[in-house]
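The values are calculated or read from the model by the stated rules, or taken from the named source; none is laboratory data. Since we're looking at a predicted model, the values are computed, not measured. Glycine also receives a Cβ, built like all others from the backbone with ideal geometry; neighbour counts cover every protein chain displayed.
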Amino acid sequence: MSVDAILVAWALLVMVLALWLFGERWRLMRPSTWKLVREGGLRRFLDLGSLHGYIYLRWNNQYVKLLLNYIAPCVPSGVRKHVSRWVAEHYHCKVITHEQAGDIITLDLNIPLRDLEQVIPYSMARDLVLKGPPDVAVCECPCRHARADPCLPTQVCMLIGQPFVDFILEHNPKSSRLLTQTEALELLRAEHERGHLHTAWFKDAMLGRFYAICNCCKCCCGGIEAMKRYGAPMLASSGYVARVDETVCTGCGICEEACPFGAVKIDGIAYVNREKCMGCGVCAGQCPGEAVSLVRDEKKCAPLDVRLLAQKQAEM
């Protein structure tokens, strides 16, 4: 091949790369992408952490569908325990109550909390960095999107704070939208009334910190499936446990059906298995007689109460 042919080939390659990276239709490096890379720093860029985060956010539905339907079922049983623990270490969530979810949305102060070992029992991805009130965007739930017959509605996953909100809006404008504080609280209320639990998600690839509130149903949620089917400890307890008022409970069974973790059984009245209970409050929200409430369980990790955590930090 002549030198001129080689130069032409290289020129065409550079043009293709330029269009791929910066072209209006195919552009990957948008302003929010640069923000994600800058906040991640050089280390994350070099060890592909930022690239992983980019792929996860940009093609979230495809990523989760591939993971849930094709990769997870193929993991050999002999190594499943080790793989499950590794996944949970890098990608996990904290169960939060309806009130705690609302407090995150209405936060009116800045919260840069690091190494929340008392809240999230993992060594990675457990920071909470928010500028209150945080920006909030809603997008398609990738777990529901991966199912053949998903629960509705499907647009219920909430990205919290920057640079995640700008990224999802800029790269997926047709499937995401910015929420006002009132709209975000209404979405939380509607999902709570449907019997869905709120979870705060942390991911190593998402700058190693909190980035989303998901509104999870027990039949579609990949995190719940990973925990119950594969033994992956991806969910951390809210720090509370359900308590039944025996003088009020009628044994109707609604709480047993509603519980995402199989922690409630009916034997005349409702009984709660404290070990299985994650303190999500779904049973309390669904009980027609208000016989169920949440109480603090000191044996479990501390609640993700952003206002209390901020107050404790200010006193240090």
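Looking at the structure I just gave you, is Cys93 in contact with a Phe, Trp or Tyr (Cβ under 6 Å, 6 or more places away or on another chain) and at pLDDT 95 or above?
yes
Residues being touching a residue at least 60 places away in the same chain (Cβ under 8 Å) and farther than 17 Å from Glu193 by Cα: count how many of those fall in the stretch 250-267. Count: 0.
Among the residues making up the stretch 125-159, a single one is surrounded by fewer than 16 Cβ atoms within 10 Å (Cβ to Cβ) and closer than 25 Å to Ser50 by Cβ: Lys131.
Per this entry, Gly231 is counted among residues that are in contact with a Lys or Arg (Cβ under 7 Å, 6 or more places away or on another chain), in the same structural domain as Gln155 (by TED's automatic domain parsing) and either closer than 26 Å to Ala88 by Cα or at pLDDT 95 or above (or both). Selection over the stretch 205-249 of residues that are hydroxyl-bearing (Ser, Thr, Tyr) and free of Cβ contacts under 8 Å to residues at least 24 places away in the same chain gives a count of 1. Listed here are the strands (runs of 3 or more DSSP E) enclosed by the stretch 213-313 that have at least 1 residues being buried (at least 21 other Cβ atoms within 10 Å of the Cβ) and aromatic (Phe, Trp, Tyr): 240-244. The strands (runs of 3 or more DSSP E) located wholly in the stretch 116-175 include none with 1 or more residues which are of a type in the set (Lys, Arg) and within 21 Å of Leu207 (Cα to Cα). Of Phe202, Phe167, all but one fail to be within 24 Å of Ile55 (Cβ to Cβ), out of contact with any Leu (no Cβ under 7 Å at 6 or more places or on another chain) and crowded, with 21+ Cβ neighbours inside 10 Å; the exception is Phe202.
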